[in-house]
Every structure is written in structure tokens, then in C-alpha cells.
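The structure appears right after this line, and notes come after that.
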Amino acid sequence: MLASAGARNQYAPGTPAPKPPVSHPVVTQNPTTGRRRLFVNSLYTSRIEGLSEPESSALLAMLFEHIKSPEFQLRYSWSVGDIAFWDNHAVQHYAVADYTERRRMQRVTLLGEKPMGLG
């Protein structure tokens with residue numbers, strides 16, 4: 001099953017134009033562990049290919065709610081000097097603005113495999 005990815009939300013004025021839509025698998029497999037992972041994101045996944053618009057919208061709405069389940073969440077308490085790593089193919093990032101101090105973050109993306117579907 002393939003999903004079309006293209007920006008679902010409007011970008012603020014002055015931000016770069018979104019990239020053209022692409023297709024990618026809805027479910028991918030981690031090449032190291034073999035674990036399956038959902039590869040959809042409410043900001044970018046616009047539809048499920050091969051389904052009618054109502055079917056696609058309903059399935060995506062269900063998947064977007066599913067990935068919010070508490071059993072899939074990690075709340076990290078940062079300390080000075082911490083470094084965190086995660087698999088961007090399997091993580092939905094949401095930063096909770098519950099802090100008052102200034103934070104400095106540096107983001108690095110490492111080269112990895114292209115997301116591959118199952119079988």
C-alpha cells in the first residue's frame with residue numbers, strides 16, 4: 001500500500017516552497033531489526049493511493065490517531081549534555097512547550113536507507 005506525500009498544511013509566508021508529491025510505503029520495515037513501522041505523518045501524508053478519497057481520508061484519520069496512543073509515546077526529560085538519537089522513519093516528533101529556559105538544539109540527519117515497503 002502506497003501513500004502520497006505532499007504538504008497537507010499551508011506554510012508561513014517566506015518559507016521555501018514544498019517539494020513535489022512523492023509516493024512511499026505506508027508500512028516499512030527497519031532494515032536492522034526487521035520491525036514494521038508506520039510511515040505516515042499528518043503534516044505530509046496526503047492520501048492512500050488506490051483508495052477513494054473518503055476511504056483514504058478515513059484510513060489516514062485512524063492511523064494518525066493510532067500513532068498518538070500512549071504506548072507509542074516517550075516523554076524525555078532533558079539534562080545538560082544529553083544527546084538523543086531516533087529513527088526518523090519511525091518517530092512522530094512533538095515538542096511540548098512546557099519549559100521557560102532557552103533551549104539550544106542542533107539537529108543532524110545521518111545518511112540511511114530509503115524506506116522500503118514489505119515484501
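Could I have the simple spin-label model distance between S46 and V96, label points 7 Å from Cα toward Cβ, reported in nm to one decimal?
That separation, rounded to one decimal, is 3.3 nm.
Compare the peptides 95-107, 49-61 by average per-residue count of other Cβ atoms within 10 angstrom and give them in order, highest first.
Top to bottom by mean Cβ count within 10 Å: 49-61, 95-107.
Roughly what would the spin-label model give for E71 and T109, points 7 Å off Cα along C-beta, in nm?
Simple spin-label model gives 3.1 nm for this pair.
Which angle between 0 and 90 degrees, to the nearest 10, do you get for helix 53-66 versus the longest principal axis of the chain when only C-alpha atoms count?
On a 0 to 90 degree scale, this one is about 30.
Show that you can apply the helix-only estimate: for the chain, add -39,500 (n - 2.57) for every DSSP H stretch of four or more residues, divide by all residues, and state [θ] at 222 nm to the nearest 500.
-4000 deg cm²/dmol
How big is the Cα convex hull of the range 1-110 in projection, averaged over all directions, in nm²? Spell out each step's value before the answer.
Details: hull surface 38.2 nm².
The Cα convex hull of the range 1-110, projected and averaged over all directions, gives 9.5 nm².
Each reported figure results from applying straightforward, stated rules to the coordinates on display, with no laboratory input. This structure is a prediction, so every number in the text was calculated from the model and none was measured. Backbone-built Cβ (ideal geometry, glycine too); neighbour counts: all protein chains shown.
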